[in-house]
Amino acid sequence: MIVQRASERAAVPWRNGLGVQYEIICDGSLPDDWTWRLSTADITQDVPFSSFPGVTREFCAADGNGVTLNINGVDHRCEPGSDTTFRGDDLVFATLIDGPVRALNLMMRDGSTARPLQIARVGQHAVQCQVIVAIMGSASVEVANQVVELGLLDAIIDLEEMNAVVHIGEVAAF
């Protein structure tokens, strides 16, 4: 089990160059040799998303007031802590709702055996996790009889499909 602080991640431009993301973990090497990857992104302006054909994407508004994702012409309001799934080759345009947003992004190539994100709040369990990320502020999580304190977007990685319980805050688990 490794605690990874959000402040330690390097900024990397989006594929389309219009934003910045911070890689948490992936099962291969970047930029393209992976079947799943988990990252955070700063969305500071209304912006189109990069295209990732052959990929299913999960988007979680992890901090801020949310964003409206226009996916193939249909608006989807993404409230803080919500999870929205779409295809990587969908046409997606993000419109901020009252200020910048930090998001959590899970990308899974077609054929990947990766499981979708789980959102867990105080008192709830996240099951068979590989990664846990604090969203919506700090969190306190118990894993393998050890309590771990996380700041916003900090992660616990290499969990080897462990179960966790959230004592304080809210997390996204994968």
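The values are calculated or read from the model by the stated rules, or taken from the named source; none is laboratory data. Everything numeric in this text was worked out from a predicted model, so none of it was measured. Glycine gets a Cβ as well: all are built from the backbone with ideal geometry, and neighbour counts include every protein chain shown.
Scan region 14-35 residue by residue and report those that are farther than 19 Å from A61 by Cα and not polar (S, T, N, Q). If you could, list the steps in order and put the result at the bottom.
First pass over region 14-35, keeping only residues farther than 19 Å from A61 by Cα: 15-17, 26-35.
Scanning region 14-35 gives R15, G17, C26, D27, G28, L30, P31, D32, D33, W34.
Return the pairs, sorted by first residue and then second, in which the second residue is surrounded by 14 or more Cβ atoms within 10 Å (Cβ to Cβ) and among the basic types (K, R), the first residue lies in region 1-23 and is touching a residue at least 12 places away in the same chain (Cβ under 8 Å), the beta carbons are less than 8 Å apart, and the residues are 6+ apart or on different chains.
Y22/R9; E23/R9; E23/R37
Inspect region 103-113 for any residue being closer than 20 Å to Q4 by Cβ, assigned by TED's automatic domain parsing to the domain that holds R9, assigned to a strand (DSSP E or B) and among the polar types (S, T, N, Q) and give the result as yes or no.
The answer is yes; a qualifying residue exists.
Out of region 132-167, which residues are in a loop (DSSP other than H, G, I, E, B), aliphatic (A, V, I, L, M) and at pLDDT below 95? Step through it out loud before you land on a result.
Let us first name the residues in region 132-167 that are in a loop (DSSP other than H, G, I, E, B), namely 144-145, 151-154, 158-161.
From what is left, the residues that are aliphatic (A, V, I, L, M) are 144, 152-153, 159.
Passing the criteria: A144, L159.
If you scan region 52-81, which residues turn out to be of a type in the set (G, A, S) and at pLDDT 95 or above? Step through it out loud before you land on a result.
Quick first cut of region 52-81, residues of a type in the set (G, A, S) only: 54, 61-62, 64, 66, 73, 81.
Matches in region 52-81: G54, A61, A62, G64, G66, G73.
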